[in-house]
Amino acid sequence: MAAKIGMKNPVVELDGDEMTRVLWALVKEQLILPYVDLKTEYYDLGLVNRDATHDAVTVESARAIARRGVGVKCATITANAARRTEYNLKNLYPSPNATIRAILDGTVFRKPIIVSGIKPSISTWKKPIVIGRHAYGDVYKNAEMAIPGPGRVELVYTPREGEQQRQIVAEMEGPGIVQGMHNLDGSIENFARSCFLYALDEKLPVWFAAKDTISKIYDGRFKELFNRVYETEFKAQCAAAGVSYFYTLIDDAVARVVKGEGGFLWACKNYDGDVMSDMVASAAGSLAMMTSVLVSPSGAVEYEAAHGTVQQHYYRWQKGERTSTNPAALIFAWTGALAKRAELDHTPELGAFAKNLEAATLRTIEEGDMPGDLARLASPAPPRVLDSWEFTGAIAKRLRRP
């Protein structure tokens, strides 16, 4: 047997929850460890361990990615009241993705994995749509309060020097709820820069969409800063490369997207990007067929699956069922991280392995071996639907081909 491919430096590995945690181990065992002398700095971001460490493990993992330069993350649970009861949690901590993104202050780029035979639900789409999602602030770093009864809710800004500013949010006539959000000019500017740099590399037009007609200050600031970065830093480069940029309202963008051919970078605020990336992935084929990479201004990157933990499949797996959960996005998270590690460490053999694993995964699907989410969309339909273990095994057989 040939010697395993070596690694100079580790990737930061962030383990996760439920069905994706099961498949995470399967992908490593069947598709990576037989070929690579894998080096990782491991962090268990499973919900139980996050609760046990008071979420310190999440912060430590983000700092490790900043230090090592490359991370790879499994899907994780963001707990709510039901999860608190189910897992007997001490606290409800923020989304681990939000915590990591806040520390790295990056932009998330999500792109559908396109394979022949899987046609998008939107017939006009001919090219992939890349979502550039701002990964700081907004609802993911919010402050919330349940209002018990009548009273005044205010926004209050207390500067380190100078006079306090106050603004009435609402005169509450009874019980209700209130939420406060924030963002930072520097983070918005870095978001814009990341999007234009990505677009120049990929030769993609850039759309940026928000709702400044309603949110005149908050979304208006996004529009202003995005345009400023374009005009002062990227306009000439974009013109030379044939890369266009325009701003539109988010509702107008949605209407354009479902009638267009695709083939552009759609820059979105944090929550908009969360929602629209799932829409694009689902319409392009499956939530399990989308790559996702967080790019920090420092150059650190984190690859992850764009979907959740596949909760219902996990419950079925716990009862002994071999589910037909698609691990493609988990595979591409690993290949992205290994390829980036190879690039940084100048280890071409590792980079070639990552490309070969991606090619084997796509070839497996295109040759008719696929899990249920893709089988329902495939033309022609496959002779049978594979469970996750059969699908991973089919990829492994093709990966061994000379």
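Each value in this text was obtained by applying a stated rule to the coordinates, not by laboratory testing. As the structure is a computational prediction, the values presented were derived from the model and not from experiment. Every residue, glycine among them, receives a Cβ derived from its backbone with ideal geometry; neighbour counts consider all protein chains shown.
Tabulated values for the structure
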{"item": "In degrees, nearest ten, helix 270-284 long axis to first principal axis of the chain (Cα)", "result": "30"}
{"item": "Separation between Cα centres of the range 1-70 and the range 265-295, rounded to whole Å", "result": "23"}
{"item": "Among Leu374, Leu225, Leu344: highest mean-square fluctuation, GNM of the chain, C-alpha pairs under 10 Å", "result": "Leu344"}
{"item": "Considering only the chain, percent of DSSP beta bridges that pair antiparallel, nearest 5", "result": "50"}
{"item": "C-alpha long axis of helix 388-399 to longest principal axis of the chain, angle in °", "result": "60"}
{"item": "Highest-first arrangement of 185-197, 346-358, where packing means the average Cβ count within 10 Å", "result": "185-197, 346-358"}
{"item": "Spatially proximal lysines relative to Lys8 (Cα-Cα < 28 Å; intrachain offsets below 8 disregarded)", "result": "Lys28, Lys39, Lys73, Lys340, Lys355, Lys397"}
{"item": "Computed [θ] at 222 nm, helices only, for the chain once each DSSP H run of length n ≥ 4 contributes -39500 (n - 2.57)", "result": "-12500 deg cm²/dmol"}
{"item": "Two-decimal Rg to Rh for the chain - Kirkwood Rh, Cα set", "result": "0.98"}
{"item": "Calculated from backbone phi, Karplus (6.51, -1.76, 1.60) coupling profile of the range 237-250 in Hz, x at Gly/Pro", "result": "4, 5, 4, 5, 8, x, 9, 9, 9, 8, 9, 8, 6, 4"}
{"item": "Spin-label pair Arg83/Glu161, simplified geometry with 7 Å Cα→Cβ offset, distance in nm", "result": "4.4"}
{"item": "3J(HN,Hα) from dihedral phi, the range 344-350, Karplus parametrisation 6.51/-1.76/1.60, rounded to Hz, x for glycine, proline", "result": "5, 9, 6, 10, x, 5, 5"}
{"item": "Radius of gyration and Dmax over the Cα atoms of the range 1-98, both given in Å", "result": "15.1, 51"}
{"item": "HN-Hα J in Hz across the range 317-331 - Karplus 6.51, -1.76, 1.60, θ = phi - 60°, x for Gly and Pro", "result": "4, 4, 8, x, 7, 8, 7, 9, 8, 7, x, 4, 5, 5, 4"}
{"item": "Against the rule of thumb 2.2 N^0.38 Å, how large the Cα Rg of the range 143-209 comes out", "result": "1.77"}
{"item": "Angle between the chain longest axis and helix 56-68 axis [Cα atoms, degrees, rounded to 10]", "result": "70"}
